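Asker: The structure follows.
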Amino acid sequence: MQYRDLTLLEGGSGQVWLVACDSVASIGEKVHDHLAVPVEMTAQSMVRVALMEVLSLRAQPQVLVYLSNNEWEPTTRQALAAMRKELAKAGYQDLAINGSCEDNMVTTMTAMGVTLLARGHQETLLKNQVKPGDGAFLVGQPLLGQEVADGWETLPSYQDLALILSLSVHEVVPIGSKGAYQEALQVGQANGLDFRLTSRSKVIDQSAGPATAFLVVGPACLQAALNQHFDDIWKVGDYLS
């Protein structure tokens, strides 16, 4: 089944396998890249997105697969080292990795993708728990493109995500390119609920690039707890039956 941007496959005894993917193109150090940043940042951002997706559901990563449309030396070699660095930041420095690159053709634009396989259990996955009356909150500042590169060291961390998950949350969504409002609508659809928008801030429609912000859903008391730990918080709306 599909849940948000994830594919979920049921195993035996309540076990669930999760598949998360991300890709990038024209972001790196090659001559035809649109955004010039170190290829290490390009690679880390992909792994970051996939990790945030599965960790937000309380699943555990098992295998990372990368596909690089560029040569091994230096692009893919540097990218792979950066992927391992990002995994280590999340506490998965020993995660199994497999992948492939393109050494037969000359490439002039950076392009690569990752697939992350994770495992969880039906009883502990944080999904389909949103209730009528729950509020949806945007946590973090949505950033895109050069903004991500400029604010790289200030992006929400894996420790920030763990803190959010320790609160009374019913769903946590790393915000993607469609913005917080569209993510909130998708959460409502996945949980069979209507969504009432209460914010008119432009920030709720901004793309959040590589998981630079989260949509956090929970009871009304959640907002006070979030305010104790984070500076950038916006109420997006409420869920209705």
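The values are calculated or read from the model by the stated rules, or taken from the named source; none is laboratory data. Only a predicted model underlies this, so the values are computations on that prediction, with no experimental measurement involved. Every residue, glycine as well, gets a Cβ built from its backbone with ideal geometry; the counts of neighbours run over all protein chains shown.
Asker: Quick check on my filter: what residues within region 202-223 are more than 14 Å from residue 136 (Cα to Cα) and among the polar types (S, T, N, Q)?
Answerer: Those that are more than 14 Å from residue 136 (Cα to Cα) and among the polar types (S, T, N, Q): 206, 207, 212.
Asker: Looking only at region 126-174, which residues are hydroxyl-bearing (Ser, Thr, Tyr), assigned to a helix (DSSP H, G or I) and modelled with pLDDT of 95 or more?
Answerer: The answer is 158, and nothing else.
Asker: Does residue 82 satisfy the criteria of being small (Gly, Ala, Ser), touching a helix residue (DSSP H, G or I) at 6+ places or on another chain (Cβ under 9 Å) and free of Cβ contacts under 8 Å to residues at least 60 places away in the same chain?
Answerer: Here the answer is yes, as residue 82 does meet what is asked.
Conditions tested, residue by residue: (1) part of a strand (DSSP E or B); (2) over 17 Å from residue 80 (Cα atoms).
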position: 8; (1), (2): yes, yes
position: 13; (1), (2): no, yes
position: 18; (1), (2): yes, yes
position: 21; (1), (2): yes, no
position: 24; (1), (2): yes, no
position: 33; (1), (2): no, yes
position: 41; (1), (2): no, no
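Asker: Can you pull out the residues in region 10-28 that are modelled with pLDDT of 95 or more, more than 19 Å from the chain's Cα centre (by Cα) and surrounded by fewer than 16 Cβ atoms within 10 Å (Cβ to Cβ)?
Answerer: If the condition is that a residue be modelled with pLDDT of 95 or more, more than 19 Å from the chain's Cα centre (by Cα) and surrounded by fewer than 16 Cβ atoms within 10 Å (Cβ to Cβ), then 15, 26 are the ones that fit.
Asker: Among residues belonging to region 88-129 that are among the hydroxyl-bearing types (Ser, Thr, Tyr) and surrounded by fewer than 18 Cβ atoms within 10 Å (Cβ to Cβ), point out the one that is nearest to residue 43 (Cα to Cα).
Answerer: 100
Rundown of residues vs (1) in contact (Cβ under 8 Å) with a residue 24 or more places away in the chain; (2) touching an Asp or Glu at 6+ places or on another chain (Cβ under 8 Å); (3) charged (D, E, K, R), yes/no style:
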position: 110; (1), (2), (3): yes, yes, no
position: 118; (1), (2), (3): yes, no, no
position: 154; (1), (2), (3): no, no, no
position: 163; (1), (2), (3): yes, no, no
position: 200; (1), (2), (3): no, no, yes
position: 214; (1), (2), (3): yes, no, no
position: 224; (1), (2), (3): no, no, no
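Asker: Would a scan of region 86-96 turn up a residue that is in a helix (DSSP H, G or I), closer than 19 Å to residue 23 by Cβ and at pLDDT 95 or above?
Answerer: For region 86-96, residues in a helix (DSSP H, G or I), closer than 19 Å to residue 23 by Cβ and at pLDDT 95 or above: present.
Asker: Test of understanding: among 162, 213, which residue is within 21 Å of residue 126 (Cβ to Cβ), touching a Pro at 6+ places or on another chain (Cβ under 6 Å), in the same structural domain as residue 139 (by the TED database) and not charged (D, E, K, R)?
Answerer: So the residue among 162, 213 that is within 21 Å of residue 126 (Cβ to Cβ), touching a Pro at 6+ places or on another chain (Cβ under 6 Å), in the same structural domain as residue 139 (by the TED database) and not charged (D, E, K, R) is 213.
Asker: Only one of these is modelled with pLDDT under 95, surrounded by fewer than 18 Cβ atoms within 10 Å (Cβ to Cβ) and under 13 Å from the mean Cα position of the chain (by Cα): 177, 201, 241. Name it.
Answerer: One residue alone meets the criteria, 177.
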